[in-house]
1. Please give the per residue accessible area of the chain, computed with a probe of 1.4 Å over protein heavy atoms only, in Å².
2. Report, for the chain, the % of DSSP beta bridges that are antiparallel, rounded to 5.
3. Ignoring everything but the protein chains, give the 1.4 Å probe accessible area of ARG160 in square angstrom, nearest 10.
4. Can you divide the C-alpha Rg of the range 61-171 by 2.2 N^0.38 Å and report the result to two decimal places?
5. Each residue of the range 419-434 in order: what ³J(HN,Hα) in whole Hz does its phi give by Karplus 6.51 cos²θ - 1.76 cosθ + 1.60, θ = phi - 60°, with x for Gly and Pro?
6. Roughly how far apart, in whole Å, are the Cα centres of the range 474-508 and the range 269-344?
7. So if I place +1 on the C-beta of Lys and Arg and -1 on the C-beta of Asp and Glu, and nothing else carries charge, what would the dipole magnitude of the range 280-420 be about its Cα centre? I want it in debye, nearest 20.
8. Carbon and sulfur: what percent of the range 101-235's accessible surface (1.4 Å probe)?
Amino acid sequence: MKHNKLSVIAAATLLAMGFTAAASASDRVIIKVDNSKKGVVKALAKQLGGEIKVDADGFVAAQFSGKSLSEIKGLLNNPHIELVEEDMLRKPMAIYADDLGNPMTEQLTPYAVYQSQANLVNFNAGAGMKVCVIDSGLDRSNIDFNWGNITGDNDSGTGRWDVNGGPHGTHVAGTVGAADNGVGVIGMAPGVAMHIIKVFNAEGWGYSSDLAYAAQKCTAAGANIITMSLGGGGANSTESNAFATFTNNGGLVLAAAGNDGNNVRSYPAGYPSVMMIGANDADNNIADFSQFPSCTSGKGKNATTDEKICVEVTAGGVDTLSTYPADMATSSSLYAAGTAFASSAMENAGTASGNTYFMGQATSTNSAAAGKVCVIDRGTISFHDKVKNCENSGGIGAVIINNEAGMLYGTLGEGSANTTSIPAVGAALEDRTLLLAAATMSVTIEGSDYGYMSGTSMATPAVAGVAALVWSNFPSCSGTEIRNALKATAQDAGAVGKDVYFGYGIVKAKAAYDYLSANGCSGASGGGDTGGGGGGGSCKGGPKQCG
């Protein structure tokens, strides 16, 4: 259950002609004018092709499509006008963001770690937590794991557990427990022990019987938590009973709500013994793909309501940075004057470092770009032709800046359609001023062991990792008590109170830790790691300690 960021990039090729996007801020200006002269100035602006956007006390704002700031100032050379300045674009800032940099050479913290407060709680490695990841395997080629703490089961149908059946399972495992080792990314519960059950190959499917059997293997391996970023329609008793047994024996089972953006209930997430997880983005908004089934089942007099058959909490699952099998992802890095900036890989592996040259919209070649990194505005011609003009001018790399809010995602064409060879990346409009001011830049596109995916598949291991993190500090609690604590302390989002999209809200590790410290496992006052009873399974510490 994923939406790979590559699909976003592919869709962006349909919009490769820059003039389809919103106008850049530079063709919209603020005109300072005395109120008594405003009528004359407004009429002049309209006569010169401007569209009045704001009419306020002491100034107006107008847009002159396709004109530069200097052109507009020339047109508005009038004694009644006191000042003409660029009307700067403003947008809501992302509440949370990934660390900037290159995960192949330094350790980055994904935004969901900050959003979930996982960075504020220490993982207790001595507590014996183990997360069972039922997915497509964890590829041993990625070094960002504590491999001494990871085991798995081989299967005659899917093969070795430590050879990937696609990147999905490796990405999921990294979100749970990528190591705190100075490189790559850091997981929610860094270095947590994991057991890997490979139920998928690259073809991408399994059966409910596979999952029921996997639950038994997770128990045999001593796992406390099962995380499943998978699902499908229809319920059956064998699968349901397998996860109910794991839960009743003190464990915690989590599964993805689904990525179809509708109210259909997916399984195994829809079983009461399984905690259903939805996805939100870095701005605390619900992901548009996150499914939102009702908490009510049945009809008429037979209708029943159960909060455990719908979304209970959410976590970051949009553009999630995590581990990949070696070289299976493509990543970019952009440094301007030695400072890291967010970027998106467009095409052409390689590194270009040097002085910068601003080519405007790069509609033609310019010999002044020779030996330099071209900084280019989006618009007028295709991304490919912009980069081609840079390369034909002798440019060594290209940075194309978006002309609407946000990151520029795009490609230079598939296969032979791309006739460029220099590394090219996209950049965000919000960084334009700093990028244009930079005298030097370094651009890198390379095969990477780290990449992005989106989906409730990414949110589910985030919550599983948070659960392991919190539980490691209260090991005498049951899985159900940890589940209840995560719900009790989730940050309300969306509609006030519990709703079908967020459930109780966005999971918060530090809040859950504080709650259990104050109230004990059962949620009653008393504090400490009491190991008190709670709803659901009463066995403490997980299935490995229970019959």
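1. Values: 21310 Å² over 547 residues.
It amounts to 39 Å² per residue over the chain.
2. So the antiparallel bridges amount to about 55 percent of the total.
3. 130
4. Working: Rg = 26.7 Å, N = 111, 2.2 N^0.38 = 13.2 Å.
So the Cα radius of gyration is 2.02 times the expected 2.2 N^0.38 Å.
5. 9, 8, 9, 8, x, 9, 10, x, 9, 8, 4, 4, 9, 4, 4, 5
6. 14
7. Its charge dipole is roughly 160 debye.
8. Values: 2330 of 4730 Å².
Result for the range 101-235: 49 percent of the exposed heavy-atom area is carbon or sulfur.
The values are calculated or read from the model by the stated rules, or taken from the named source; none is laboratory data. For clarity, every value in this text was computed on a predicted model and none was experimentally measured. Backbone-built Cβ (ideal geometry, glycine too); neighbour counts: all protein chains shown. These area figures cover heavy atoms from the full protein model, side chains too; ligands, DNA and RNA do not enter into them. Shrake-Rupley method; radii C 1.70, N 1.55, O 1.52, S 1.80 Å.
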